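Visitor: Got a structure for you, questions after.
The values are calculated or read from the model by the stated rules, or taken from the named source; none is laboratory data. Please read all numbers here as calculations on a predicted model, not as lab measurements. Cβ atoms come from the backbone with ideal geometry, glycine included; neighbour counts cover every protein chain shown.
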Amino acid sequence: MFRIDLLPAEYGDAIWLEYGQRQRINRLLIDCGTAAVYPRIRERILALPEGQRHFELLLVTHVDLDHIGGALPLLRESASLGASFGEIWFNGYMHLSPGGVVPAAGDDTLGPLQGEELSDLIVANGRQRWNALVRGGALLVPDTGPLPQLSLPGGMRLTVLSPRQEQLDALRPVWDAACRKAGLVPGVAAADDGSRLEEADAEQEGDDLLGDPDPEQLAARPYKADRARPNGSSIALLAEYGGRRALLTGDAFAEVLLASLARLAGNAGGRFAVDACKLSHHGSRGNTSSELVRALQCRNWLVSSNGKQFRHPDAEAIARVLRDGGGDIRLHFNYRSEFNEMWSSTALQRRYRYAASYPDGAAAGVQLDLSRRTRR
C-alpha cells in the first residue's frame with residue numbers, strides 16, 4: 001500500500017502518506033497547513049490506536065505560514081497526543097549558511113529571532129532527529145555527486161530534489177521578516193492571514209471567461225518563474241515505494257526540480273516516470289512550466305488549494321499539464337472551487353483525454369492509492 005492523502009488544508013499543504021503492509025503501516029506527514037487546519041490533523045492522529053501514532057518523518061518544507069502554521073500546535077501537543085517522529089526535517093536559520101548545522105546541546109542560539117518557536121519545538125522533540133539524514137546539516141541538493149537519499153523503515157525511499165544552496169543564500173537576508181510573517185516569534189501565534197505572505201503572485205490575467213477555457217491559449221501565455229524566496233527554499237522530494245513514485249514538490253521552483261530530475265535520469269533520456277505529482281505552489285502559474293510537465297511521464301496530478309488568498313490553481317498551470325502532459329491523465333483536486341470547477345467540463349475532458357476528480361464535500365480532501373493504479 002502506498003497512499004497519498006491531500007488533507008483539506010485551505011490554501012496550504014498538509015500531506016499524509018501511508019505505506020507498507022496491512023499488518024504494518026508506516027506514516028509520513030508533509031506540512032500541516034495553516035493554524036486553522038491543525039484541528040483536522042489532530043483529529044486524524046487521535047483516530048489512530050495509541051500505539052500507532054508514530055510518523056517516520058515530519059517534514060516542514062519551508063517557512064510560509066500555509067505550510068508551517070499547523071506544525072506549531074502539533075509539536076506543542078505531540079506528547080499529549082502520543083505522537084512521535086523518527087526524523088523531523090526543516091531548514092532553520094543556521095542551515096542558510098554553507099556548512100551550518102543544528103547547534104549542539106546547550107547552545108540556544110537558533111536564529112535572529114532569539115529562538116524561533118518551530119526551532120525550539122523541534123529541539124524539544126529530539127535535537128538528534130532534526131535533519132538527521134545529513135547529521136543536522138541543511139537538506140539541499142549538492143552541486144555535484146548523488147542527491148541525498150533516505151531509506152525509511154518499511155522500505156520507503158526519499159530523494160531530496162530542492163532546494164540548492166543558492167535558494168538558501170537568497171532567503172538568509174529576509175529570514176527575520178519571513179519568520180515574522182509566519183508567526184515564528186516567541187509569544188506570537190501564527191495568524192491565518194495570507195496578506196502577510198511574501199508570495200504575491202503576478203497580476204491575474206483575464207481568466208473570467210464565458211464557457212470552457214481554452215487550454216492552448218492559456219498554456220501559450222508567457223511563463224514568468226516564481227521568485228519568492230521562501231518558496232525557493234522549499235524541500236521537495238521524490239518518494240518511492242513498491243515500484244511506485246510520487247513527486248512531492250512543496251512550493252519549489254520549476255527549474256530546480258528540472259535540474260534534479262535530469263541528474264536522476266542521467267543518460268536515460270525521455271520523460272522521467274512518476275505515478276503522481278503534486279503541483280508546486282498549489283498550481284501556481286510561476287511554478288509549473290511546460291518544460292517541467294514535458295519532463296515527466298505522469299498520470300496523476302494533484303492540487304492542494306481551496307483558492308483562498310491567491311486563486312490557485314492558476315488556469316495556465318492546469319492548461320500546461322493538459323497540453324504537455326501526454327494525455328490519459330487525471331487531475332485530483334482536494335477542494336471543488338470556482339478556480340478549478342471549469343476543468344470538470346465533459347467536452348474538455350474528451351478533447352484533452354483527461355479526467356478530473358473532486359471531493360464530495362468541502363472537508364473531504366483527496367486520497368490516492370498508488371498501489372491500485374498502473375503507470376502509463
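Visitor: So which pairs qualify, if the first residue must be in region 219-232 and in contact (Cβ under 8 Å) with a residue 60 or more places away in the chain and over 13 Å from A254 (Cα atoms), the second must be in a loop (DSSP other than H, G, I, E, B) and among the acidic types (D, E), the Cβ gap must be under 9 Å, and the two must be at least 6 apart or on different chains?
Guide: Pairs found: R221/E205; R229/E198; P230/D64; P230/E198; P230/E199; P230/D251.
Visitor: Name, by its number, the condition in (1) buried (at least 21 other Cβ atoms within 10 Å of the Cβ); (2) charged (D, E, K, R); (3) in contact with a helix residue (DSSP H, G or I) (Cβ under 8 Å, 6 or more places away or on another chain) that does not hold for D314.
Guide: (3)
Visitor: Having 1 or more residues that are surrounded by fewer than 15 Cβ atoms within 10 Å (Cβ to Cβ) and either hydrophobic (A, V, I, L, M, F, W, C) or in contact with a helix residue (DSSP H, G or I) (Cβ under 8 Å, 6 or more places away or on another chain) (or both) is the bar; report the strands (runs of 3 or more DSSP E) wholly within region 323-369 that clear it.
Guide: It comes to 354-357.
Visitor: Taking region 1-48 on its own, how many of its residues are exposed (fewer than 15 other Cβ atoms within 10 Å of the Cβ), assigned to a loop (DSSP other than H, G, I, E, B) and modelled with pLDDT of 95 or more?
Guide: Qualifying residue count for the region: 1.
Visitor: Can you find even one residue in region 300-313 that is under 17 Å from D5 (Cα atoms) and among the aromatic types (F, W, Y)?
Guide: Yes - at least one qualifying residue is present in region 300-313.
Visitor: Suppose the filter is buried (at least 18 other Cβ atoms within 10 Å of the Cβ), on the phi < 0 side of the Ramachandran plot, touching an Asp or Glu at 6+ places or on another chain (Cβ under 6 Å) and among the basic types (K, R); does R285 pass it?
Guide: Considered against the rule, which asks whether it is buried (at least 18 other Cβ atoms within 10 Å of the Cβ), on the phi < 0 side of the Ramachandran plot, touching an Asp or Glu at 6+ places or on another chain (Cβ under 6 Å) and among the basic types (K, R), R285 comes out as yes.
Visitor: Sticking with this one: Just wondering, is there one or more residues in region 122-139 that are modelled with pLDDT of 90 or more, among the polar types (S, T, N, Q), surrounded by fewer than 22 Cβ atoms within 10 Å (Cβ to Cβ) and farther than 22 Å from E240 by Cα?
Guide: Scanning region 122-139 turns up at least one residue that is modelled with pLDDT of 90 or more, among the polar types (S, T, N, Q), surrounded by fewer than 22 Cβ atoms within 10 Å (Cβ to Cβ) and farther than 22 Å from E240 by Cα.
This table checks each residue for (1) out of contact with any Phe, Trp or Tyr (no Cβ under 6 Å at 6 or more places or on another chain); (2) more than 26 Å from L238 (Cβ to Cβ).
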| residue | (1), (2) |
| --- | --- |
| C32 | yes, no |
| A35 | yes, yes |
| A47 | yes, yes |
| R53 | yes, yes |
| D64 | yes, no |
| I68 | yes, no |
| A79 | yes, yes |
| F85 | no, no |
| L96 | yes, no |
